[in-house]
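All of the numbers you see were taken from the coordinates with simple rules; none came from a lab. Just so we're clear, the structure is a prediction, and the values are computed from it rather than from any experiment. Glycine gets a Cβ as well: all are built from the backbone with ideal geometry, and neighbour counts include every protein chain shown.
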Amino acid sequence: MRDVAYVALGSNLGDRDANLALGRAGLAALPRSRVLAVTRVEETAPIGPAGQGTYLNQMAAIETELSPRALLEALLAIETRAGRVRGERWGARTLDLDIVAMRAQRSDSPDCRVPHPELSNRDFWRRELDELGAHDIR
């Protein structure tokens, strides 16, 4: 099944621009997928523990045949290649890739929820969805 996934990219450690570029390159290399569009980069305040630097964020629309679970596993591998180390929840990171929503597929698995449970709390995600023409995703 072909679907469109909306994937958020974020970075607030190291060379943030280079980290987003690694994320975009990883998305472009996903199997049975192609990047349709990406938003401009936006700088945002961190969500989570105090003392973090600001984030660079953007979002990509990806046409894919991957299931939510397979896409999540691929995104986690891209994060690892970019030096992501999982520690404190919502802590600083080199690269964060989140499935924000998919057009046709949903997932209620505790470790793979699509649409993302924080979608309604992230104004910048809504702006990015609008930029991608996904006005109906909420």
Q. So what J values fall out for segment 3-19 if you push phi through Karplus, 6.51 cos²θ - 1.76 cosθ + 1.60 with θ = phi - 60°, rounded to Hz, Gly and Pro as x?
A. 9, 10, 10, 10, 10, 8, 10, x, 8, 9, 10, x, 7, 4, 4, 5, 5
Q) Which of the following values of Kirkwood radius over Cα pairs in Å was calculated from the structure shown: (i) 16.9; (ii) 14.9; (iii) 17.5? A) (ii)
Q: Sum -39500 (n - 2.57) across every DSSP H segment of at least 4 residues in the chain, then divide by the residue count to get the 222 nm mean residue ellipticity, nearest 500.
A: -8000 deg cm²/dmol
(Q) I'd like the Karplus ³J(HN,Hα) series for segment 26-40: coefficients 6.51, -1.76, 1.60, θ = phi - 60°, whole numbers in Hz, and an x wherever there's a Gly or Pro. (A) x, 5, 5, 9, 4, x, 6, 8, 8, 6, 8, 6, 10, 7, 5
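What does the charge count near residue 127 come to, summing +1 for each Lys or Arg and -1 for each Asp or Glu among other residues with Cβ under 11 Å from its Cβ?
Details: positive: 40, 122, 126; negative: 42, 123, 128, 130, 131.
Net local charge, residue 127 excluded: -2.
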Q. Any idea how far apart residue 54 and residue 41 come out in nm if each label point goes 7 Å out from Cα toward Cβ?
A. 1.3 nm
Q | segment 1-42-segment 62-122 distance, computed between alpha-carbon centres (Å) | A | 11 Å
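Please compute the contact order of the chain in relative form: average sequence separation of alpha-carbon pairs under 8 Å and at least six residues apart, divided by the residue count, as a percent. It would help to have the intermediate numbers written out before the result.
Numbers: 256 pairs, mean separation 44.9, N = 138.
Reported as a whole number, the value is 33 percent.
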Q.
Could you derive backbone 3J(HN,Hα) for segment 44-50 from the dihedral phi with the Karplus parameters 6.51, -1.76 and 1.60 (θ = phi - 60°), listing whole Hz in sequence and x where the residue is Gly or Pro?
A. 9, 5, x, 10, x, x, 5
